[in-house]
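Below: one structure, written as structure tokens.
What follows is calculated from the coordinates using simple rules that are stated; it is not laboratory data. All values derive from a computational prediction rather than experimental measurement. No Cβ is skipped: glycine too gets one built from the backbone with ideal geometry, and neighbour counts run over all protein chains shown.
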Amino acid sequence: MRRGRPARTITRETRTRRPLHPGRERDEQEAVAWPDSIRVGDRMTRAVVTVHSDALVSGAVELMRSRRIRHLPVVDRSGRLVGIVTDRDLRQVLFDPAVQTRLARATDALRGLTVREVMTWGAVSVTPATSIRDAARLMHERKVGALPVVERDRLVGILTERDVLATFREILDEGVLARPYRWAFAYR
């Protein structure tokens with residue numbers, strides 16, 4: 001009878017199937033799983049609906065409702081991006097105690113306010129050359145649902161959560177994320 005380890009034990013290393021080349025797997029997975037060749041300019045919405053900062057909030061609400069959008073870039077008279085107004089900004093105005101005490105009804109509150117008073121100044125933006133991965137990371141870190149796309153101080157598009165999700169869905173459908181490249185090294 002032999003003492004010690006049996007000839008065919010299953011070790012932790014066998015059970016976890018570690019790659020043969022440790023250290024490379026993360027870089028290889030990221031290189032395959034997140035194609036950097038996809039740019040914001042390829043996936044953004046080019047026909048951007050905008051509003052001027054001196055427009056009435058009631059007009060912005062109606063524009064957002066009729067176009068079924070949640071993010072409305074705000075531009076000045078020369079077409080430069082100055083901010084963004086979202087459906088959340090408008091909801092906060094409706095329930096703001098200062099507005100409620102000043103005016104009895106919410107519709108009256110909207111009639112007198114301009115977009116300048118409720119918008120988010122200095123919106124986070126990207127360029128058309130930004131990778132979709134970096135844009136998605138920025139949206140997640142800053143907790144924003146849309147990024148205006150600016151080129152030479154002019155608004156050229158908008159990248160929304162829907163655009164990013166559609167891009168990632170296409171990547172998944174192509175099978176890029178289905179089997180990371182690093183797994184090929186584990187079974188050689």
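Here are some notes:
- Taking amide H as placed 1.01 Å from N in the peptide plane, the amide H of residue 156 sits under 5 Å from that of 149, 150, 151, each at least 5 places away or on another chain.
- Rounded to the nearest 0.05, the FRET efficiency derived from the C-beta distance between residue 65 and residue 151 at R0 = 30 Å is 0.55.
- Added length on full extension, which subtracts the Cα-Cα distance from 0.36 nm per residue, residue 92 to residue 77: 2.8 nm
- Between residue 137 and residue 117, the simple spin-label model (points 7 angstrom out along Cα→Cβ) gives 4.1 nm.
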